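To start, the structure under review is shown below, and the notes come after it.
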Amino acid sequence: MLRLLNIKLPLSFSQKSLLQAAAAALQIPQGQIARCVLARKSVDARKKSDICLICALDVTLKNPQDEPRIAARIAPASGGMLSPDAAPPLPRLPHAPQDRPVVVGFGPAGLFAALTLAEAGARPLVLERGQDVRTRTRDVQAYWEHGASAFSPASNVQFGEGGAGTFSDGKLNTGTKDPRASHVLRTFVRFGAPKEILIDAKPHIGTDRLADVVRAMRLRILELGGDVRFGARMTRLVKSGNRIGAVRWEDSAHREYEVPARHVLLAIGHSARDTFTMLHEQGFTLIQKPFSIGARIEHPQALIDRAQYGAAAGHPALGAADYKLSLHLKDGRGVYTFCMCPGGVVVAAASEPDTVVTNGMSVYARDGKNANSALLVGIGPQDFGSSHPLAGMFLQREIERRAFELGGRTGHAPCQRVEDLLLGRPSTHIGSVTPSYQPGVVPGDLAQLLPPAVLSAMREAIPLFGRRLHGFDFPDAILTGPETRSSSPVRILRGESLESIDASGLFPCGEGAGYAGGIMSAAVDGIRCAEAILSQLV
């Protein structure tokens with residue numbers, strides 16, 4: 001098979017268009033092509049008068065033996081190449097290990113690690129402090145509708161089956177070149193995700209579909225002999241010499257258990273603050289890690305569509321427009337947009353009582369009135385105010401508790417119009433952009449919430465982003481805060497073997513351990529750590 005890169009196609013194209021483009025790029029008659037399929041597509045909106053698709057095509061010739069020669073001939077001109085190989089297959093264990101490998105956490109890293117172990121015959125035990133996705137969805141909806149009075153510390157946007165990514169956009173774009181990323185996409189499709197994610201340059205599943213996919217993956221793990229326990233919160237790691245020997249955990253009724261374990265994959269997520277504290281108290285090495293904080297910014301989706309696509313806005317091949325903006329200010333501080341949700345909503349994402357945290361979410365259709373994105377400012381140890389390994393976590397908590405107070409102690413979130421933020425005055429009303437955050441917002445002054453350096457950077461960046469994306473500095477755009485959970489505030493140190501530097505057999509993994517940043521990279525890291533465990537079991 002040949003893969004042709006950088007093939008330009010119109011927004012509306014047919015199979016005939018694909019064949020014509022492939023034959024032209026290969027410099028051969030169409031009759032020599034046996035099969036031509038779309039492998040990848042992205043929108044090129046750099047010229048508003050000529051918005052088009054940039055595609056990759058997979059082409060099979062009627063005489064496959066000609067493919068290497070043709071690939072070598074056309075590569076310099078069109079990027080043609082032989083189709084890259086997939087990730088190598090995983091080994092199958094001759095028999096299940098006596099002590100099950102234990103996976104702590106069932107977000108993207110833990111989910112893919114557990115599936116990888118299960119499909120190799122290792123029969124993993126999964127401990128997830130939250131609830132299954134259906135129970136969790138009911139709990140989250142109750143919180144969004146009724147506020148703080150309905151909040152569940154054990155079943156929320158951060159904790160439960162699928163992790164924080166279950167209540168987001170299901171965005172699957174990543175910068176990693178690891179071939180396991182393609183395996184992740186194919187696995188999602190295998191369990192019910194739309195096939196388009198294999199083609200789109202910016203794939204997403206949508207919260208409404210991702211929940212069913214996650215549940216289907218769990219059922220497969222169980223079918224293969226794995227065991228998934230919900231409401232199971234790890235309370236201690238037990239060492240035997242310099243190696244992990246057991247895991248202690250408690251159920252939702254606070255009954256305690258201990259399970260022997262020589263291999264533990266720690267995929268706890270970026271919000272397991274009590275677990276970070278426990279690990280630090282047990283002497284495991286955690287270090288401060290830079291992360292970002294800010295607020296969610298909402299615009300009318302129609303404004304973003306026009307800014308990105310001009311007269312082509314609304315074309316069915318385009319859908320709701322997204323954006324990605326970043327810059328470094330003169331003082332060296334980075335400001336950027338993150339987790340952009342076209343046609344989405346801002347959601348309440350707290351994991352502790354008496355706090356307010358925001359995140360963004362879209363369903364598959366991305367058909368909401370507003371676009372939202374995190375507007376974030378990078379901070380580091382110099383901003384934490386302490387050398388304590390958990391100082392970044394303490395700062396997050398302080399901001400989130402302050403937001404709870406500013407919102408009236410109900411779960412409402414403080415918000416501010418962009419014009420008011422730029423002019424340094426509190427907002428007293430909502431303008432033409434209706435905030436989507438539930439259970440509600442309280443107009444005010446984000447200067448009472450965010451650190452001065454963060455607020456100053458946001459004020460400097462918003463007009464500059466407005467020059468790049470017309471309307472980003474729209475006066476009535478609304479900022480709802482705080483966004484504090486962009487990534488983990490700590491890193492749990494591990495070595496080249498992916499094992500903890502403090503205990504053999506312990507594999508800190510994914511976003512919570514400080515080694516990933518999103519669904520895809522966390523899933524890939526989960527697979528890598530599972531492979532490392534399997535290499536010791538074979």
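The values are calculated or read from the model by the stated rules, or taken from the named source; none is laboratory data. From a predicted model like this one, the values you see are computed outputs, not experimental measurements. In this analysis, Cβ positions are derived from the backbone assuming ideal geometry, glycine residues included, and neighbour counts consider all displayed protein chains. These accessible areas exclude ligands, DNA and RNA; they are computed on the full protein's heavy atoms, side chains included. Shrake-Rupley method; radii C 1.70, N 1.55, O 1.52, S 1.80 Å.
Which distance in nm do the two modelled labels at Arg134 and Lys324 give, with both placed 7 Å along the Cα-to-Cβ direction?
Simple spin-label model gives 3.7 nm for this pair.
Report the FRET efficiency, 1/(1 + (r/R0)^6), for Glu145 and Ser535, where r is their Cβ-Cβ distance and R0 is 60 Å, rounded to 0.05.
0.80
Report the per residue volume, in Å³, of the convex hull enclosing the C-alpha atoms of the stretch 396-538.
162 Å³
Using a cut-off of 17 Å between alpha-carbon atoms, which aspartates and glutamates can reach Lys195, once sequence neighbours fewer than 8 places away in the same chain are excluded?
Asp58, Asp169, Asp208, Asp212
Evaluate E = 1/(1 + (r/R0)^6) for Leu464 and Ala34, where r is the Cβ-Cβ distance and R0 equals 60 Å; express this FRET efficiency to the nearest 0.05.
Rounded to the nearest 0.05, the efficiency is 0.75.
Express in nm, to one decimal, how much length is gained between Met1 and Asp99 on full extension, taking 0.36 nm for each residue of separation and deducting their alpha carbon distance.
30.9 nm
Kindly state, to the nearest 0.05, the FRET efficiency for Asp178 paired with Tyr257, given R0 = 60 Å and r defined as their beta-carbon distance.
0.95
At 0.36 nm per residue, minus the direct Cα-Cα distance, what do Ile430 and Arg73 gain on full extension? Give it in nm, one decimal, please.
Here the answer is 122.5 nm.
Taking a cut-off of 12 Å between Cα atoms, list the aspartates and glutamates near Lys48, but don't count ones fewer than 8 places away on the same chain.
Correct list for Lys48: Asp305.
Quick one: 3J(HN,Hα) in Hz for the stretch 451-466, Karplus 6.51/-1.76/1.60 with θ = phi - 60°, rounded, Gly and Pro as x.
Listing the rounded values in order: x, x, 5, 5, 4, 4, 5, 5, 5, 6, 7, 4, x, 5, 5, x Hz.
Tell me the label-point distance for the pair Gln15, Asp66, using the 7 Å Cα-to-Cβ offset, in nm and rounded to one decimal.
Using points 7 Å along Cα→Cβ, the separation is 2.1 nm.
How charged is the neighbourhood of Gly444? Take every other residue with its Cβ under 13 Å from the Cβ of Gly444, and add Lys/Arg as +1 and Asp/Glu as -1.
Its environment carries a net charge of 0.
Which log10 I(q)/I(0) values, to two decimals, does the stretch 249-379 give at q = 0.11, 0.22 Å⁻¹ under the Debye formula with one point per Cα?
Per q value, in the given order, log10 I(q)/I(0) is -0.62, -1.30.
Report the extension gain between Gln27 and Ser497 in nm, rounded to one decimal, defined as 0.36 nm multiplied by the number of residues separating them, less their alpha carbon distance.
Between Gln27 and Ser497, full extension yields 164.5 nm more.
Local charge sum around His254 (other residues, Cβ-Cβ under 13 Å, Lys/Arg +1, Asp/Glu -1)?
It works out to a net charge of +1.
Over the chain, with every protein chain in place, what whole percent of the accessible area is carbon and sulfur at 1.4 Å, could you tell me?
51 percent
Quick check for you: with a 1.4 Å probe and neighbouring chains kept, what is the accessible area per residue of the chain, in Å²?
41 Å²
Separation between the Glu250 and Thr235 pseudo-spin-labels, each 7 Å from Cα along Cα→Cβ, expressed in nm?
0.4 nm
Project the alpha carbons of the chain onto their principal axes and report the range along each, largest first, in whole Å.
69, 66, 42
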